[in-house]
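The structure appears below as structure tokens.
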Amino acid sequence: MGAQIIVGFDHGNPLDQIVRGQLALHYHLLRDISTIYDIDGSPVHEVQDAMDEKLYNDILDRTGAYRSKTLVTPTAEGDHDMIDNGRESLVDDGLTSAPTPWVGHKTADLETNPDVVGELMGPSKEHAAALTCQATGWKLNPGCSPHDSLNLDPIAGASRKQNLGAVMNEGVKQYQRMLPLTPKDMRLLNWHFANLEYANATSVDKLSLSGWDQDIGNEFEGEHSTVIGGYQQLPYGLYSLPTKLDVRTNKIVNKISYDATSSGKKTIVSCEDGEKFMADHVVYSGSLGTLKHRTVEFDPPLPDWKSGAIDRLGFGVMNKVVLVFNEPFWDTERDMFGLLREPTTPESTVQEDYATNRGRFYLFWNCLKTSGLPVLIALMAGDAAHQAESTPDGEIIAEVTGQLRNVFKNAIVPDPIETIITRWASDPFTRGSYSYVAADALPKDYDLMAQRIGNLYFAGEATCGTHPATVHGAYLSGLRAASEVIDSVVGPIEVPTPLVPEKQSNTPNEATTATIEPKPEPTAITTPSRISTDKQRRETYDQAMWTAIYAEIGAMPTRPPKAGLNPFLLYQKDYWAKCRDQCDETKRASSKNPAAKAGRDEIRHALGQMWRNAAPDEKKPYLEQIEANRRMNDETWSSWKTTALEWERKSYEVKDQWCAANPFEQWEMP
């Protein structure tokens, strides 16, 4: 019902060691969304989808010019604060491009003008908006010049606490004057708005323009995945192993009395049933929502600097509608599909009309492979998430089922046999889903959230400025709080100064009158013939283990290549020569030069126009080939994934057998 996605295992995600190493949980790698359905139930054409996504990303990129600038410390030693906290330095003083969304979106590869693209390298804000659009296939409205661009400065500078939504909406409006945007284009653009609102658990008009993506640059890499059997296995594993923790259930904390001066007084945790617990140190890991609602009374009250950060940061809501069926009626090989939503005024081209409904069932997760049951989960993001808090269950279920029947017209879509609707904002133990950088927030508020007050410590995703709104961020904050408690108990680790003592010279620089002591008689010392450090021994041990694994079951199957999914590229191969000859003739006629030849960009532009003007029958074989490629990709991917999982299972078996036969403590290096 809550956390669902692991956003990449690679490059330092601590969940890698826990999920894949210690607990050895099975997981399912997610494939990007490839199909979005329009309001009439028809799939959106990939080329139009890709063009609108490029336009959305361009608008988002241009808002990066208004981010809070990070001052780069130009020193040889670097920024010690960032090094000590394991954070990346933003060498561009804060200017960033659009971040990776939580939901990957696979679209067609647009054919672009290579010369124009070469001119457009770098941040999009440095180039004319019209030229950028032309490079991705858009036609300009009559009267617009390729040199026309967006001017977002007036709206961005209208307030010191401007929100992201106001500037992005203005970008859409200015593009409407520049491009022939249809209501369908508006629906597609706002689908991406909804995806951004899902990632931040709030509508874009509540996000800070200058700091909404303050954690950018710290994302882990790799494919998104879900844990087969449910994410709850992770906290249960941490609770159970190596020995079970002392966890008290059905205990509602209503007051924490702490020692703000660190004078040695005990902390008292009081519960609603009257029971009290005394402790030397307390870590509060409740949500930011409970802190905002003052669910727990603190004695003494939290200082102003702490309560100020609590009030300034945002805590949003994202709700889910869980639908369980007897049989699947959807494509079970696809992990997700999207829906475009009608604005409050049908066929409207007014950007503000889309805010209310764009996040309402905008995305469906197929959870068959993770739950073992025919389950769909519909997301409610942005304004729609708040609507779910007060809308009756029956009304929501009827609407979402109607949307599914509109999409899957050729299948029988029954009523679900079981449903669950989350209402996280109404839950007294959460008061929302996860944090976001609100328009009133200050750059250091996440750091203030993490700071201790005497023997009261704080953990949770809202205290992890590098990875907020994530499970791994919450876990990292717990490690940080635990280390702070240990430091307060045993003191910091003393590091000798200098860390490496100076080497004494054997040859004195000056003559001395010191008495030279006679050297003692040398004694025989038995020196081992082979000395190795623990690290070298461990590395050699691991290498021997993997050599044995590869010898037993072979190397891991390589990931299969994917066939192309852009019909235009297939069309281009067949018609390039014909189009080139036509362009050469046109060039010779216009220049009156019999030797003139059309440039590569001119041919590409003309070829793109030929494709757009081609009759449906002419496009049909290429579209059919793409559909065949897609099916082949799905089949090869499914086959590879099954083989890879089986290989991984066997590797763990061989590893366990080899380690049992060759214990590290008794193992000798060859």
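The values are calculated or read from the model by the stated rules, or taken from the named source; none is laboratory data. Treat the numbers as computed from the prediction; the structure is a model and nothing was measured. In this analysis, Cβ positions are derived from the backbone assuming ideal geometry, glycine residues included, and neighbour counts consider all displayed protein chains.
The numbered conditions (1) over 19 Å from the mean Cα position of the chain (by Cα); (2) modelled with pLDDT of 95 or more are all true for residue 245 except (2). When 507, 558 are screened for being polar (S, T, N, Q), at pLDDT 80 or above and either at positive phi or exposed (fewer than 10 other Cβ atoms within 10 Å of the Cβ) (or both), only 558 passes. Among the conditions (1) surrounded by fewer than 17 Cβ atoms within 10 Å (Cβ to Cβ); (2) in a helix (DSSP H, G or I); (3) at pLDDT 85 or above; (4) not basic (Lys, Arg), the only one that residue 594 does not satisfy is (2). Across segment 622-670, the qualifying residues are those that are loosely packed, with under 13 Cβ neighbours inside 10 Å, not polar (S, T, N, Q) and not in a helix (DSSP H, G or I), and the one among them that is modelled with the highest pLDDT is 663. Residues of segment 34-55 that are surrounded by fewer than 16 Cβ atoms within 10 Å (Cβ to Cβ) and touching a residue at least 12 places away in the same chain (Cβ under 8 Å): 40, 41. When you go through (1) touching a Cys at 6+ places or on another chain (Cβ under 8 Å); (2) on the phi > 0 side of the Ramachandran plot one by one for residue 226, which number turns out not to apply? Of (1) touching a Cys at 6+ places or on another chain (Cβ under 8 Å); (2) on the phi > 0 side of the Ramachandran plot, only one is false for residue 226: (2).
Total residues in segment 149-186 satisfying the condition of being within 18 Å of residue 133 (Cα to Cα) and among the basic types (Lys, Arg): the figure is 3.
Taking first residues from segment 4-20 that are more than 15 Å from residue 226 (Cα to Cα) and partners that are buried (at least 18 other Cβ atoms within 10 Å of the Cβ), the Cβ contacts under 6 Å between residues at least 6 apart in sequence or on separate chains come to 11/220; 14/472; 14/475. Of all residues in segment 317-364, those that are within 22 Å of residue 182 (Cα to Cα), of a type in the set (A, V, I, L, M, F, W, C) and out of contact with any strand residue (DSSP E or B) (no Cβ under 8 Å at 6 or more places or on another chain) total 2. For segment 485-498, the criterion of being of a type outside the set (S, T, N, Q), surrounded by fewer than 19 Cβ atoms within 10 Å (Cβ to Cβ), over 30 Å from residue 331 (Cα atoms) and in contact with a helix residue (DSSP H, G or I) (Cβ under 9 Å, 6 or more places away or on another chain) is met by at least one residue. Looking across 62, 20, 31, one residue alone is over 23 Å from residue 468 (Cα atoms), out of contact with any Leu (no Cβ under 7 Å at 6 or more places or on another chain) and either crowded, with 18+ Cβ neighbours inside 10 Å or not polar (S, T, N, Q) (or both). It is 31. If you check 332, 290 for being at pLDDT below 95 and not hydrophobic (A, V, I, L, M, F, W, C), only one passes: 332. Take residue 252 and tell me if it is modelled with pLDDT under 90 and either among the hydrophobic types (A, V, I, L, M, F, W, C) or over 30 Å from the mean Cα position of the chain (by Cα) (or both). Answer is no for this residue. All of 259, 280, 273 fail the test of being surrounded by 17 or more Cβ atoms within 10 Å (Cβ to Cβ), over 35 Å from the mean Cα position of the chain (by Cα) and either within 30 Å of residue 490 (Cβ to Cβ) or of a type in the set (Asp, Glu) (or both), apart from 259.
When residues in segment 179-197 are screened for being more than 20 Å from residue 346 (Cβ to Cβ), surrounded by 21 or more Cβ atoms within 10 Å (Cβ to Cβ) and either more than 25 Å from the chain's Cα centre (by Cα) or of a type outside the set (S, T, N, Q) (or both), 3 of them pass. Residues in segment 597-614 that are closer than 17 Å to residue 48 by Cα and more than 37 Å from the chain's Cα centre (by Cα): 610, 613, 614. For segment 361-400, name all the residues that are among the β-branched types (Val, Ile, Thr) and crowded, with 18+ Cβ neighbours inside 10 Å. 370, 375, 377, 396, 400 - these are the residues of segment 361-400 that are among the β-branched types (Val, Ile, Thr) and crowded, with 18+ Cβ neighbours inside 10 Å.
Only residues that are assigned to a loop (DSSP other than H, G, I, E, B), among the aliphatic types (A, V, I, L, M) and either under 25 Å from residue 66 (Cα atoms) or touching a Pro at 6+ places or on another chain (Cβ under 9 Å) (or both) were counted in segment 135-188, giving 5.
Taking segment 342-356 as the search range and keeping residues that are assigned to a helix (DSSP H, G or I) and either touching a residue at least 40 places away in the same chain (Cβ under 8 Å) or among the hydroxyl-bearing types (Ser, Thr, Tyr) (or both), which one is surrounded by the fewest Cβ atoms within 10 Å (Cβ to Cβ)? Give the derivation first.
If we filter segment 342-356 for residues that are assigned to a helix (DSSP H, G or I), which is where we start, we get 351-354.
The next check asks that each one be either touching a residue at least 40 places away in the same chain (Cβ under 8 Å) or among the hydroxyl-bearing types (Ser, Thr, Tyr) (or both); those that pass are 351-352, 354.
Values: 351: 22, 352: 15, 354: 28.
Looking at the filtered set, the residue picked out is 352.
Residues in segment 7-24 that are over 15 Å from residue 475 (Cβ atoms) and not acidic (Asp, Glu) were compared, and the one that is farthest from the chain's Cα centre (by Cα) is 24. Of the set (1) more than 19 Å from the chain's Cα centre (by Cα); (2) charged (D, E, K, R); (3) at pLDDT below 90, all apply to residue 31 but (1). Looking at (1) crowded, with 18+ Cβ neighbours inside 10 Å; (2) at pLDDT 95 or above; (3) in contact with a Ser or Thr (Cβ under 9 Å, 6 or more places away or on another chain), which one does residue 339 not meet, given that it meets all the others? Unmet condition: (3).
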